[in-house]
Structure formats: structure tokens, C-alpha cells
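Before any comments, here is the structure.
The values are calculated or read from the model by the stated rules, or taken from the named source; none is laboratory data. For clarity, every value in this text was computed on a predicted model and none was experimentally measured. Cβ sites come from the backbone with ideal geometry, for glycine too, and all protein chains shown count toward neighbours.
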Amino acid sequence: MLKRNRASVPLFFTPSLRLLNMPLTNILHNVGIWHSIGKQLAHDIECSKSFNRLLTKRIVGGTILKSKILVVDDEPSISTLIEYNLKLAGYDVLCVYDGEAVFDVLSTFRPDLIILDRMLPKSDGLEVCRKLRVANNMVPVIMLTAMHEIGDKIDGLDNGADDYMTKPFSPQELISRIQAVMRRIRSLPLVDEGQVYQIGSLHVMADQREVKLEGRDVELTPKEFELLVFLCRHRGKVLSRQQLLHGVWDYHFLGDTRIVDVHISHLRDKLEKNARSPEYIMTIRNVGYKLTEPTKRHLA
């Protein structure tokens, strides 16, 4: 008797082999289930494709236009590669090759997102990011760099970048990052309109992007401010590092939760009387952090 080698059978044939030993009623029942699953899977895949295609478009005055991406990199080979793949994905792309050129084209091109190299002639990527945020221009920025240290990534995010990619990278990953950033920007309000959060003597004016502690102004980087607002929205709740990473960085910062710890540390340095004995941002051991109302002991 010829024996079938099950190890040599492809995985997707396994359900068919199992059907051979079933009664007819069971076979029909299982075929019906697989047919339903297949239809739902096809529907979900098509919905996912449609949503991702939507991320390459924007609606202006009822007209659907391609989303615009400004690529800023002084290496022509990298710019050309990015431009080719983004146009293939359905984006409208403009390339410039130094930091100062960004501000020359902002008012005419009006990008929906900027891909910004960190090392640029005339004005580097960090300086470009700072100038954009100081001018209250919140266009999403994905920063590119050959630097791999966590401190370099924090510098980019602290100066206003929404995501950070190290070279070399795959065009497919870059497109995924673009889609993730745009999903986050489009699914959440840029600010909590008119919202003022008060926790003890801490006041956070979301729409004005201002923070006051005991009446004095507190200067925060864009990412520190976003993190603080997210904590304010969920005050009193314990948030894991992954939840904070998802809420503020949309998962896509390489899943590295150390970036959360570093930003929490920076916030404490600016908000707490004693960062080692915090009043506002409490550490919940082995879980994450919680924004709380200071106790009377702390306020005394």
C-alpha cells in the first residue's frame, strides 16, 4: 500500500486531504465554512487596499487630488529611488536638495508630508524641523539618517519629526511608514480644540500648544507636548509603554519602548520639583506610567 508523505504536502492542501475521510454532510458543511471565510477575507483585503489607496489622495473642494510629498535629500541616487517608488504608489512628489530649498517651495507645493534627510547642506534636517514647528507648521515629517544611535533618533523626534528611519531602508517600508503617519494624522484631531487640561498647578492649553506650571511657561519639544497631551486625555489611567508608543508614535518607531522612557524622563525634568520623586507622572512598575493629581503632601 502506497503511503502518503504528509511532510511533503503543502500546507494549503491539508484541509482538502482531511475532507477525504469525512461523511458527505460534514464535507458540505466544511466547504461552506471555507467559502464564507474566503469571501470575508477577500472583502477585508479589498477594504485594506482601498484604505491604503485613499492615503495617497486628498479631497480639496470636492475634487480628489494626489497627496503631495516633498523629498529633501542631497544624494541624487536616494532622491531618485524615493521619487520613483512614491510616484509608483500614487503620490505627487517634488524633490529638493538642501535645507533652505524647503522653505522656498512650501507655499507653492504645499506638501502633505515631508521626507527629510538629517544631513543636508545649508540647513540640516534638525534645523529645518525646528523652523517648521516654531512657525507652527505641523506638516508630518519622516526623518532619514545614517545614524543608528537611540540618542540620534530622540534628537530627531524632539525637534518635531513624526517618525525616524535609518539608512539603508526598503522603499516598501518607507511607504508603510508614510501610510502609518498619515493614518494617525487623519484619524486624530491635530489639537483638542479649545481644551484646557488642569492637573494641580499644571495647565495644558492644547490648541495653543502652551504649558504653564505654577503660572510660568514651560518649553516643551513637539513630541514632549504630544506625549503630555496624550497623558492628559487619559489622566488617572495606567498606560503601558506600548500604548504610549501607539498613541504618540503610531507603533512605527521600531517598537522601541526606550523612546517612551526617555521622553517621560525629559517631561519629569521640566515638570517635577524632584524628578526622582514625581508628583505628576508616576511609574507603575513593570507596566508603564500614569498622570495623576498631586497629593496635598506634594503641594505643601
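Observations on the model:
- Residue-level analysis places residue 82 outside the set of residues that are in contact (Cβ under 8 Å) with a residue 60 or more places away in the chain, surrounded by 14 or more Cβ atoms within 10 Å (Cβ to Cβ), of a type outside the set (Gly, Ala, Ser) and not in a helix (DSSP H, G or I).
- Selected residue (criterion: modelled with the lowest pLDDT) from residues of region 215-265 that are surrounded by fewer than 17 Cβ atoms within 10 Å (Cβ to Cβ) and among the acidic types (Asp, Glu): 256
- Unique match (being under 20 Å from the mean Cα position of the chain (by Cα) and either of a type outside the set (Lys, Arg) or not assigned by TED's automatic domain parsing to the domain that holds residue 174 (or both)) among 145, 108: 145
- Count of region 194-221 residues which are of a type outside the set (D, E, K, R) and not in a strand (DSSP E or B): 10
- Number of residues in region 124-168 that are among the polar types (S, T, N, Q), surrounded by 17 or more Cβ atoms within 10 Å (Cβ to Cβ) and either in contact with a Phe, Trp or Tyr (Cβ under 9 Å, 6 or more places away or on another chain) or on the phi > 0 side of the Ramachandran plot (or both): the value is 1.
- Taking the criterion of being over 24 Å from residue 242 (Cβ atoms) and loosely packed, with under 15 Cβ neighbours inside 10 Å, the residues of region 266-292 that qualify are 273, 274, 276, 277.
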